[in-house]
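Before any comments, here is the structure.
The values are calculated or read from the model by the stated rules, or taken from the named source; none is laboratory data. This one's a predicted model, so the numbers in the text were calculated from it and none came from an experiment. Quick reminder, even Gly has a Cβ in these numbers, built from the backbone with ideal geometry, and neighbours come from all protein chains shown. We work out accessible area using only protein heavy atoms, side chains counted, and drop any ligands, DNA or RNA first. Shrake-Rupley method; radii C 1.70, N 1.55, O 1.52, S 1.80 Å.
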Amino acid sequence: MGGDTYIPMGDAARALGVTKPRISQLLSSGELTGSLVGGRRMIDGDSIERYLAGKAAAVEFDASRTFVLMSADHEVAVVRHDPRKDNPLVVREILDAPRMPLGTVTSGGKAKPRNVADWWDHRSVPASRPGLLARLGQIEITDFSLLPLNNMALSLSDCYWLRPATNETLQWSDVNYFDNNFVQSNLMAWDNWLSAVGLDSPDNTSEGELPKRWVIRDGVRCLAKGCTGDDQRPFNEVVATVLHRRLLQRDEYVPYTLAHIQDGPLCLCPNFLGEREEYVPAALVRGDLSSMRRATTYDRLVRFAEHHACDAANMHRALSQMIVCDAILANTDRHWRNFGFIRSVDTLQMRPAPLFDSGNSLWYNKTPQQVERNDWTFQSRPFDPNPAHQLALANDLSWFDPTAFDHAALSGFVDEAVEILSHSKHAAANGRLDYIARGLQKRVDQVSAAVETLRFVHRGWR
């Protein structure tokens with residue numbers, strides 16, 4: 001090769017020992033150059049030689065190799081990925097048990113294969129994401145477990161990544177998405193929600209069923225989230241932000257803003273993690289709570305937090321805020337992956353994660369018939385399906401000032417929420433907006449009264 005030599009993509013893939021989709025990725029990132037020759041995409045031979053000579057060749061790897069599971073720059077375990085196995089990520093040796101993903105090791109420091117498999121399974125875009133199967137066909141991937149390997153399993157939700165075992169010189173600072181750019185990170189430049197999947201992007205490791213994209217706006221990593229079947233949920237996130245701003249401190253919630261693309265409205269929120277922090281969903285620790293007998297799930301979670309260097313008072317406060325705010329918003333989707341902890345990858349100390357993801361609320365999925373008969377019922381999560389029973393678990397209400405609640409904090413909240421929702425086609429249609437307004441006011445009044453009762457009970461006033 002060399003000179004003005006151009007070769008077909010298939011030949012380039014064979015020369016580099018990679019797939020044709022990987023060649024497309026390298027073209028997109030500028031690590032290879034090419035041109036259309038006779039209507040065919042051809043690869044510049046000189047760029048292949050430069051690639052082979054550069055650092056990129058050192059980080060290229062194939063799915064059957066052995067890797068070191070890293071947490072930032074900490075070596076955590078030696079693992080092997082074998083797509084032929086039901087549990088494709090196999091832990092060969094644990095190097096740093098405390099830094100393994102929570103819930104994946106026994107108290108004796110041995111790996112729990114099923115939990116490791118579950119952790120890896122959630123490190124890929126779920127099959128239920130709209131359009132994903134077609135996208136995987138485009139990039140010639142048939143096994144979902146292979147998708148994170150396209151970008152060394154890097155994420156913006158934690159600091160785990162797979163370093164090729166043969167490349168000890170590769171550094172966290174070289175690859176992490178907290179500091180380094182990634183493919184197609186401009187909100188207005190993408191052609192569809194999944195166009196970065198399979199490329200050098202944190203979209204390979206984003207979970208959840210709704211359309212999602214990571215973007216960079218003014219240097220800030222933001223998660224863009226759309227919706228399917230209705231357009232109300234992005235607006236719900238903004239309403240939730242208004243509520244949280246009125247009741248909580250700035251670091252206790254994640255703010256959402258609205259944006260619009262050709263597909264419709266979406267919401268944007270900044271990443272709430274630093275480059276040496278990880279989000280630990282409560283789902284990862286749920287299995288470890290069963291051994292604590294004679295206590296509610298709520299209490300067991302607080303005890304677990306205490307055992308992992310998380311201040312119990314902070315945990316009570318965070319859970320109470322989540323329960324009260326979700327009760328006002330009629331949030332039906334506070335599942336165990338939608339709340340949890342932030343853990344330092346260096347000290348391993350934990351703190352409650354800020355409140356986020358409240359889109360499945362405000363009766364967005366009620367049928368026209370339910371709206372007509374003023375059906376404002378909902379099931380709460382995660383501790384009790386009965387909203388009143390779950391609300392009774394909120395045992396730290398020191399952050400909730402009843403005077404401010406009645407006269408300042410939530411004054412005008414319902415009107416502000418209605419104004420936001422009036423821009424949603426779904427919420428504004430067929431009398432739904434008035435239905436939401438009346439239901440939201442009922443929730444404000446009911447939760448206000450319940451909280452006042454709880455304050456007396458917790459103080460021992462009978």
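Quick look at the numbers
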read-out	value
Accessible surface of the range 205-322, 1.4 Å probe, proportion on carbon and sulfur as whole %	45 percent
Segment ASP346-ASP73, length gained on full extension (0.36 nm per residue, minus Cα span)	97.3 nm
Qualifying trypsin sites (Lys or Arg not before Pro) for the range 226-328 [loop in DSSP, other Cβ within 10 Å: at most 11]	ARG293, ARG294
Unit charges on C-beta of K, R, D, E only; dipole of the range 173-243, Debye	140 debye
Relative contact order for the chain, counting Cα pairs under 8 Å that sit 6 or more residues apart, in percent	11 percent
Residue-span extension gain [ARG65 to GLN369] - 0.36 nm each, minus C-alpha spacing	103.8 nm
Axial C-alpha extent at least 18 Å, average Kyte-Doolittle at least 0.5 - helices from the chain (DSSP)	312-329
Average accessible area per residue (Å²) across the range 222-266 - probe 1.4 Å, nucleic acids and ligands excluded	38 Å²
Over the range 226-292, relative contact order from alpha-carbon pairs under 8 Å, at least 6 apart, %	27 percent
Assigned charges on the beta-carbon of Lys, Arg, Asp, Glu; the range 196-350 dipole about Cα centre (debye)	460 debye
Lysine pair number, Cα distance threshold 19 Å (strictly under), the chain, separation 8 or more or different chains	5
Distance from the range 199-219 to the range 255-314 (C-alpha centre basis), Å	19 Å
Label point distance in nm, ARG250-THR106, each placed 7 Å from Cα along Cα→Cβ	4.8 nm
The range 365-459, accessible surface, carbon-and-sulfur percent (1.4 angstrom probe)	51 percent
Cα gyration tensor shape for the range 198-244, rounded if a/c is under 1.5, else prolate or oblate	oblate
Near-label residues of the range 82-120 by backbone N, under 13 Å of a point 7 Å along Cα→Cβ of THR142	84
Charge sum, other residues only, whose C-beta stays under 15 Å from LEU132's C-beta, Lys/Arg counted +1 and Asp/Glu -1	-1
Estimated dipole of the chain in Debye, rounded to 20 [Cβ of Lys and Arg +1, of Asp and Glu -1, Cα centre]	1180 debye
Accessible surface, per residue, of the range 136-179 when the full set of protein chains is kept, probe 1.4 Å, Å²	37 Å²
Probe 1.4 Å, protein heavy atoms only - accessible area per residue of the range 323-462 in square angstrom	46 Å²
Helix-only mean residue ellipticity at 222 nm for the chain, each DSSP H run of n ≥ 4 adding -39500 (n - 2.57), per residue, nearest 500	-9500 deg cm²/dmol
Those trypsin sites (Lys or Arg not before Pro) in the range 72-125 that DSSP places in a loop and that have at most 10 other beta carbons within 10 Å	ARG84
Extension reserve of the SER28-SER173 stretch, reckoned as 0.36 nm per residue once the Cα distance is removed	50.0 nm
Answer label for semi-axes √(5λ) of the Cα gyration tensor in Å (calculated), chosen among [x] 56, 26, 19; [y] 44, 28, 17; [z] 36, 24, 18	[y]
R0 of 60 Å, Cβ-Cβ distance ASP415-ASN180: FRET efficiency to nearest 0.05	0.85
Cβ-based net charge around ALA240, under 13 Å, with every Lys or Arg adding one and every Asp or Glu removing one	0
